[in-house]
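Here's the structure we're looking at; comments come further down.
The values are calculated or read from the model by the stated rules, or taken from the named source; none is laboratory data. On a predicted model such as this, the values are computed, not experimentally measured, just so you know. Heads up, the Cβs are rebuilt from the backbone with ideal geometry, glycines too, and the neighbour counts pull from every protein chain shown. Note: areas computed on protein heavy atoms with side chains; ligands, DNA, RNA excluded. Shrake-Rupley method; radii C 1.70, N 1.55, O 1.52, S 1.80 Å.
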Amino acid sequence: MSEKAIVCKDLTKRFGDFFAVNHISFDVDQGEIFGFLGANGAGKTTAMRMLCGLSYPTSGEATVAGYNVFRQQEAIKRNIGYMSQKFSLYESLTVRENIRFYGGVYGLSDKQLKEKGDELITKLGLEKEAKMMVGSLPLGWKQKLAFSVAIIHQPRIVFLDEPTGGVDPVTRRQFWDLIYDAAANGITVFVTTHYMDEAEYCNRISIMVDGRIDALDSPANLKKQFDAASMNEVFYALARTAKRSAD
Amino acid sequence: MKQFMVFVRKEFYHVFRDRRTLLILFGLPVMQILLFGYALTTEIKNAEIIIVDHAGDMASQQLTTMIAASKYFDINARVVSDEDIYKAFKKGKVKCAVVFPSGFGNDLQHGQTAQIQIIADAADPNTAKTLTNYLTAIIGDYQQQISPTANVPMRIEPVTRMLYNPEMNGSMNFIPGVMALVLMIICTTLTSVSIVREKEMGTMEILLVSPFKPTYVVLAKAVPYLALSLIDLIIILLLSVFLLDMPIRGNIILLFLESTLFIICCLSLGLLISSVTRTQQIAMMVSMMGMMLPTILFTGFIFPLENMPVPLQVVSNAVPSRWFYVIIKAVMLKGLGIGVIWKETLVLAGMTTALLIISIKSFKTRLS
Amino acid sequence: MDTVILQHISKSYVKEGPPALQDISFSVKKGELFGLIGPDGAGKSTIFRILTTLLLSDKGTATVAGYDVVQHYHEIRSCVGYMPGKFSLYQDLTIEENLHFFATLFGTTVEANYALIKDIYEQIAPFKNRRAGKLSGGMKQKLALCCALIHRPEVLFLDEPTTGVDAVSRKEFWEMLQRLKTEGITIVVSTPYMDEASLCERIALIQTGQILSIDTPANIIKDYPGKLYALRAPKVHQLLKDTRQYAGIRLCYAAGDKLHLSFKDEGKDHPAELLSWLESKGHQGVHIEEITPDIEDCFIAKTSTHE
């Protein structure tokens, strides 16, 4: 079995004569934290949807967790976790009910659900809040809970779409602690963010511009390559070259 | 004033750029009129009929032969007792009965006026109405045959009796009902949804934080829908008159004035709904379920109010369309003037004033 | 007199639970660019809604441009510009139609104040016949700003104008605000991005409905309690875990490719001790230096002592 979690070759998505994603190629190792950056409208969301098995590529090849994005979308969905800033949890269910629901969706047994649920609640320190509606929790807690629920079935890869938007700096760091723990357990983390300091936490970063991947390397190497002091500068240098601005 | 006009224009942009709104606005009335108008007035052929011939003379037999010969009727049975009519009706197969009183032919020749009774099963009012019309026409033909010159004093007077539904609500009576329903839906639903959409989209925040007075926001929302509703009214009237042969016997200006009053009443209701709901979905539910159902139930065009239990009749008095229905029927079908319907108009005007005041008062100048 | 004044403002949305705002007081000088810095749920939007007369506070008083937010709400509504947190223009109207609508609504014309928005509007003018719903995030923000400015308001309230906008558009947006400041418009802006704080003249750090501190960014940094160090080593995550075990650590957290940390009691030679301790744990190439904190460091220090 290949050790690559994601292999992507010339992946393309075209809408009419508009190349939303234009021949992108990259690999992600198992257990790697991979940052997927780009300005609004660069094609990040479209690319991520294809990798999650939510839309078919126009051309190119890609395997996710060893499964083909054209033919084995269902198998992909069973082996990944997904979390975004917008879609997270059911606000009118309690913490425990949410865990039970998502665990159940991924086919966890009652015993596993109980164990995993307890473990997760203890880890996040939510013992007191276990019976509270998720809607009444602070945003940072919701996001941490959403992430933990997204990996409750031990997926090979978890996709995170701007998971920390609007979250306070302390909670944001706690969130990244969770990401590191997940990666240490062998879960590949594929993450998009608008916070450039978070880009530094990734093992490797790709930066999309106008549907292409214009840079791909470790943060340290990228800074060297662009002669920049921070990832922020690297991002400016690349995003400034963008021609298109539509979402 | 310029602000007001710009606001109104903006509302028209919203309407004309949204296909769903356009569909409700112009598709709905056309569809409803055609549905209620046409589906319920189709021609009936070979209806089963009972002849009760107490006379047994030549005149009654000639007329019976004419009925039997017509393509509209098949004679099911000739019976002698009136009881048999009811038995046959209850089985449901027979829709209509003709009763010749004893001495029918004799009356026709000597007594100048002969009576004939037509009994119809008006549980299905449209069929009943159509059948009695056919029979009346056949009787008229017979009269022509036996006395070709017009001024002969011999006359047959058909006495029609509607069983089960004495009000005889038919398609003619449906159209005013549909008008009330369509105006109700358009005014309440579209107005409430359009205001609540501004809340949901967040644009209401900017509107409130502008020097434009909140009262004007309400009025500027109401004006376009008043105009659009009047266009709808014209469409409905044109369709009813030219397609469904609906008469407008009364004063057309009176008709428009009364309709405008009703439209304003419904708009106020829509505004009221919008100020107590937060999402378009809920506004839609409240207007549809909360307004449409009472309108259908308590207006009287589908279920006659007279047959309802008293408590429900009392409830129906609170439904504006119930009053509008009486008004519009009087004006369109009976050609009556304001002298007869001033009471209903007053009730409707009172409701409108109350609703308008409440809705403007309850429109919030702040967010919560 | 200051353009915006809040005195002891409190607000609760629900009877139980913590209030959305607790005893908030601050003021903004005429022509100032003032930033409300804090995460989602800190109460930034509530402050804006109270100041723009959309909400009534439970306690306290506030004035904007000399008018009381409760009694003279109508006067305030004619002299402020407001950009709510959510994109709040008509999606089915074009750029031009939106602008024209809001100009008329505020009793003015696009031409009358065109000079003020010229720089911003020219960037989106090529798309003026495009419907607002079809614009990119950055263009929407520019249009919203044009609409909020079209009546040349005395005070401009911008609620998280840069949230969800990419780094390049964010930078452009702040450059626009700097230009507007030179026109004498008082600007109150909120953001969850701590790195944007340094672009404001004065800032208030907010968390869970309370103000942590109000000052110029430079003063807030100067008031940082104690010294802050940056620690580097190849294995950053392991370094973070190990450093947290060290007894003298007060705070230690990731900051980009390095760690920021401060020690419990000053005076002792902690850095050297920490280095040798880390080396004993197997870390190599560890480097430590004292650094100047940024606003995010200050925020973390404040919230940590707060808890």
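Looking at segment B:352-368, I want the residues that are in contact (Cβ under 8 Å) with a residue 24 or more places away in the chain and within 14 Å of chain C (Cβ to nearest Cβ) and have a partner that is among the basic types (K, R) and surrounded by 14 or more Cβ atoms within 10 Å (Cβ to Cβ) with Cβ atoms under 8 Å, at least 6 apart or on another chain. Which pairs are those?
Short answer, once both residue conditions are applied: B:L367/C:R49.
Yes or no: segment A:105-124 includes at least one residue that is among the small types (G, A, S), more than 14 Å from chain C (Cβ to nearest Cβ) and surrounded by 14 or more Cβ atoms within 10 Å (Cβ to Cβ).
yes
Identify the single condition in (1) open to solvent by 10 Å² or more (accessible area, probe 1.4 Å); (2) in contact with a Cys (Cβ under 7 Å, 6 or more places away or on another chain); (3) polar (S, T, N, Q) that C:T243 does not satisfy, given that it satisfies every other one.
Here C:T243 meets the rest and fails (1).
When you scan segment C:102-140, how many residues do you find that are within 14 Å of chain B (Cβ to nearest Cβ), assigned to a helix (DSSP H, G or I) and either of a type in the set (S, T, N, Q) or surrounded by fewer than 20 Cβ atoms within 10 Å (Cβ to Cβ) (or both)?
3
From the list A:E129, A:E74, A:E119, exactly one residue is acidic (D, E), on the phi < 0 side of the Ramachandran plot and in contact (Cβ under 8 Å) with a residue 24 or more places away in the chain. Which is it? Step through it out loud before you land on a result.
Details: A:E74 fails: in contact (Cβ under 8 Å) with a residue 24 or more places away in the chain; A:E119 fails: in contact (Cβ under 8 Å) with a residue 24 or more places away in the chain.
Exactly one of A:E129, A:E74, A:E119 is acidic (D, E), on the phi < 0 side of the Ramachandran plot and in contact (Cβ under 8 Å) with a residue 24 or more places away in the chain, namely A:E129.
Give me a count of the residues in segment A:8-31 that are under 27 Å from A:M231 (Cα atoms) and touching a helix residue (DSSP H, G or I) at 6+ places or on another chain (Cβ under 7 Å).
Counting residues in segment A:8-31 that are under 27 Å from A:M231 (Cα atoms) and touching a helix residue (DSSP H, G or I) at 6+ places or on another chain (Cβ under 7 Å) gives 5.
Out of B:V196, B:V209, B:V217, which single residue is crowded, with 24+ Cβ neighbours inside 10 Å, within 14 Å of another protein chain (Cβ to nearest Cβ) and over 18 Å from B:V331 (Cα atoms)? Talk me through it step by step, then tell me what you get.
Numbers: B:V196 fails: within 14 Å of another protein chain (Cβ to nearest Cβ); B:V217 fails: crowded, with 24+ Cβ neighbours inside 10 Å.
Sole residue among the options that is crowded, with 24+ Cβ neighbours inside 10 Å, within 14 Å of another protein chain (Cβ to nearest Cβ) and over 18 Å from B:V331 (Cα atoms): B:V209.
Quickly run through segment A:53-95 and pick out the residues that are under 30 Å from A:A130 (Cα atoms), surrounded by 17 or more Cβ atoms within 10 Å (Cβ to Cβ) and in contact with a strand residue (DSSP E or B) (Cβ under 9 Å, 6 or more places away or on another chain).
A:N79, A:I80, A:G81, A:Y82, A:M83, A:S84, A:Q85, A:T94, A:V95
For segment C:19-94, please list each of the strands (runs of 3 or more DSSP E) lying entirely inside it that holds at least 3 residues being crowded, with 19+ Cβ neighbours inside 10 Å, more than 8 Å from every other protein chain (Cβ to nearest Cβ) and not β-branched (V, I, T).
C:33-37
Does A:F235 count as more than 9 Å from every other protein chain (Cβ to nearest Cβ) and among the aromatic types (F, W, Y)?
When the stated conditions are applied, A:F235 does not pass them.
Among residues belonging to segment C:215-240 that are among the basic types (K, R) and over 17 Å from C:S276 (Cα atoms), point out the one that is most open to solvent (accessible area, probe 1.4 Å).
For segment C:215-240, the residue satisfying everything is C:K222.
Can you tell me which of (1) open to solvent by less than 10 Å² (accessible area, probe 1.4 Å); (2) out of contact with any Gly (no Cβ under 8 Å at 6 or more places or on another chain) is the one A:V21 doesn't meet?
Unmet condition: (2).
Looking only at segment B:250-283, how many residues end up being of a type in the set (F, W, Y) and out of contact with any helix residue (DSSP H, G or I) (no Cβ under 9 Å at 6 or more places or on another chain)?
Residues flagged as of a type in the set (F, W, Y) and out of contact with any helix residue (DSSP H, G or I) (no Cβ under 9 Å at 6 or more places or on another chain) within segment B:250-283 amount to 0.
All but one of (1) β-branched (V, I, T); (2) facing chain A (nearest Cβ under 10 Å); (3) open to solvent by less than 10 Å² (accessible area, probe 1.4 Å) hold for C:T163; state the number of the condition that does not hold.
Here C:T163 meets the rest and fails (3).
Is it the case that some residue within segment A:59-71 is within 24 Å of C:G256 (Cα to Cα) and either assigned to a strand (DSSP E or B) or not β-branched (V, I, T) (or both)? Steps first, answer last, please.
Narrowing segment A:59-71 to residues within 24 Å of C:G256 (Cα to Cα): none.
The answer is no; no qualifying residue exists.
Restricting attention to segment A:173-192, report how many residues are open to solvent by 10 Å² or more (accessible area, probe 1.4 Å) and either over 20 Å from A:D29 (Cα atoms) or more than 10 Å from chain C (Cβ to nearest Cβ) (or both).
Count: 5.
Specify the residue that is nearest to C:V64 (Cα to Cα); the eligible residues are those in segment C:147-191 that are assigned to a helix (DSSP H, G or I) and not hydrophobic (A, V, I, L, M, F, W, C). Reasoning before the result, please.
Kept after step one, since they are assigned to a helix (DSSP H, G or I), are these residues of segment C:147-191: C:147-149, C:167-181.
If we keep only those that are not hydrophobic (A, V, I, L, M, F, W, C) too, we end up with C:169-172, C:175, C:178-179, C:181.
On the way: C:S169: 30, C:R170: 27, C:K171: 28, C:E172: 28, C:E175: 25, C:Q178: 21, C:R179: 22, C:K181: 17 Å.
It comes out as C:K181.
Being touching a Cys at 6+ places or on another chain (Cβ under 7 Å), within 24 Å of B:E200 (Cβ to Cβ) and either modelled with pLDDT of 90 or more or within 8 Å of another protein chain (Cβ to nearest Cβ) (or both) narrows it down to one of C:L99, C:L158, so name that one.
Within the list C:L99, C:L158, the selection yields C:L99.
Which residues, taken from segment C:239-267, are within 11 Å of C:V286 (Cβ to Cβ) and in contact (Cβ under 8 Å) with a residue 40 or more places away in the chain?
C:L239, C:D242
Quick one: is B:A349 away from chain C (no Cβ under 14 Å), over 21 Å from B:C187 (Cβ atoms), in a helix (DSSP H, G or I) and open to solvent by less than 60 Å² (accessible area, probe 1.4 Å)?
Details: away from chain C (no Cβ under 14 Å): yes; over 21 Å from B:C187 (Cβ atoms): no; in a helix (DSSP H, G or I): yes; open to solvent by less than 60 Å² (accessible area, probe 1.4 Å): yes.
In short, no.
Would you confirm whether or not segment B:260-275 contains a residue that is buried (at least 19 other Cβ atoms within 10 Å of the Cβ) and aromatic (F, W, Y)?
Yes: one or more hits.
Just to check your reading of the model, which residue among B:R249, B:R197, B:R278 is basic (K, R), farther than 28 Å from B:I338 by Cβ, in the same structural domain as B:G335 (by TED's automatic domain parsing) and not in a helix (DSSP H, G or I)? Give the derivation first.
Details: B:R249 fails: farther than 28 Å from B:I338 by Cβ; B:R197 fails: not in a helix (DSSP H, G or I).
Every option except B:R278 fails the conditions.
Does C:K227 satisfy being charged (D, E, K, R), free of Cβ contacts under 8 Å to residues at least 24 places away in the same chain and under 26 Å from C:P271 (Cα atoms)?
Criteria not met by C:K227.
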